Structure formats: C-alpha cells, structure tokens
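Everything below concerns the one structure shown next.
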Amino acid sequence: GGVNVLRVKVTGVAGVPESGVGAVSLNVTAIDPVGSGFVTVFPCGERPLAANLNYVAGDVIPNAVIAPVSAAGEVCFYSMADTYLVADVNGWFAT
C-alpha cells in the first residue's frame, strides 16, 4: 500500500470475467506528472521493486503492461510522483 497507490477492480468490467482471470493486458499512460519517477502496476499486496513505465515532469508516456490480478480481481497502480493515469484494458488471461 501507500499514499501513492490506486486500487482498481478489473474483473467483472470492460468484458473481463468476474472469475478465472489471472492477469490483464493494459495500456497505461502517465499524463503530466509533477516530477520524475515511475509507475508500477501490480496485483496489490506487497509492491514489487519494478517499474512498468518511467516519466519526467510534464510527460505523456504510455506503455503496454501485463499485470497479474489479486484474488479480489484488483490491480494496484503505484506512482512515485503525482500524475494523472489512464489505464485501458485490452484483454485478459485465464488462471
């Protein structure tokens, strides 16, 4: 967790089934971050030491991400700096 973590339910919405989903394919875009940093997309719980996209202040940076989902069907987004985030679900993978 943390102050810069956004928790989003991805199962049961946007054509993703409610159950049987192991991961989702996302296009994640950081828009106008206030400083340099990175975004980590993870299945909530303990945040891995990894970056899915890197940015500098004022950027608009997209990246394709395959993220595992939590048992509750959620994906968490951590951003090092305050930024707008857009996450489009492109598809899903069965467990």
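Miscellaneous remarks
- Long-range neighbours under 7 Å by Cβ, at least six apart or interchain, first residue touching a residue at least 12 places away in the same chain (Cβ under 8 Å) within segment 43-64, second of a type in the set (Lys, Arg) and loosely packed, with under 14 Cβ neighbours inside 10 Å: Cys44/Arg7
- Screening Gly73 with (1) on the phi < 0 side of the Ramachandran plot; (2) modelled with pLDDT of 95 or more; (3) surrounded by 13 or more Cβ atoms within 10 Å (Cβ to Cβ) gives one miss only, at (1).
- Selection within segment 65-80 - free of Cβ contacts under 8 Å to residues at least 60 places away in the same chain and in a loop (DSSP other than H, G, I, E, B): Val69, Ser70, Ala71
- Segment 49-63, residues that are surrounded by fewer than 12 Cβ atoms within 10 Å (Cβ to Cβ) and closer than 22 Å to Trp92 by Cα: Ala50
- Condition met for Gly91 (over 15 Å from Val5 (Cβ atoms), modelled with pLDDT of 95 or more, more than 9 Å from the chain's Cα centre (by Cα) and surrounded by fewer than 17 Cβ atoms within 10 Å (Cβ to Cβ)): yes
- Count - residues of segment 1-34 that are in a loop (DSSP other than H, G, I, E, B) and either in contact (Cβ under 8 Å) with a residue 60 or more places away in the chain or open to solvent by 20 Å² or more (accessible area, probe 1.4 Å) (or both): 17
- Meets criteria (modelled with pLDDT under 95 and open to solvent by 20 Å² or more (accessible area, probe 1.4 Å)) for Gly45: yes
The values are calculated or read from the model by the stated rules, or taken from the named source; none is laboratory data. In this text, all values refer to a predicted model and were calculated from it rather than measured experimentally. In this analysis, Cβ positions are derived from the backbone assuming ideal geometry, glycine residues included, and neighbour counts consider all displayed protein chains. The accessibility values were calculated without ligands, DNA or RNA, using every heavy atom of the protein model including side chains. Shrake-Rupley method; radii C 1.70, N 1.55, O 1.52, S 1.80 Å.
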